[in-house]
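Working notes, beginning with the structure itself.
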Amino acid sequence: MADVGKILSAVALGAVAGAALGVLFAPDKGSETRRRISEKSQDLVDQLSEKIDEGMSVLSNLRRKADDIKNKASGFAMEGSEGEGRGRGRGGNNANM
């Protein structure tokens, strides 16, 4: 999961750097350039916020699935440990039954 975070950070940083360079090299007045930088920055923040929300949703779903699997595995383990004690009691081996 840490690799995904690094990739998303690198992509976001690359997008910000590219947008900033593109706006700075455009032949506009200073006030227009600042306005465009501000708009692009806000757009990138909004997009990044959406991606973070999506990532948090995916992680939440994965956590819920992992908890379900853990609970099922615990149930199976409990059933298995209860079943082991039944066959070994009084007469020894149940194979003769």
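The values are calculated or read from the model by the stated rules, or taken from the named source; none is laboratory data. Just so we're clear, the structure is a prediction, and the values are computed from it rather than from any experiment. Reconstructed Cβ throughout: ideal geometry from the backbone, glycine too, with neighbour counts over all protein chains shown.
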Item to complete: For the range 16-26, state whether one or more residues are outside any helix (DSSP H, G or I) and modelled with pLDDT under 90.
Response: yes
Worksheet, complete the sentence: Within the range 56-97, of all residues that are at pLDDT 90 or above and acidic (Asp, Glu), the one nearest to residue 4 (Cα to Cα) is 67
Worksheet item: Mind checking which residues of the range 6-34 are in contact (Cβ under 8 Å) with a residue 12 or more places away in the chain, closer than 19 Å to residue 50 by Cα and among the small types (Gly, Ala, Ser)?
Response: 12, 15, 19
Practice prompt. Exactly one condition in (1) in contact (Cβ under 8 Å) with a residue 24 or more places away in the chain; (2) exposed (fewer than 12 other Cβ atoms within 10 Å of the Cβ); (3) hydroxyl-bearing (Ser, Thr, Tyr) is not met by residue 41; state its number.
Written response: (2)
Fill in: residue 81 vs. criteria out of contact with any strand residue (DSSP E or B) (no Cβ under 9 Å at 6 or more places or on another chain), of a type outside the set (Phe, Trp, Tyr) and surrounded by fewer than 10 Cβ atoms within 10 Å (Cβ to Cβ)
yes
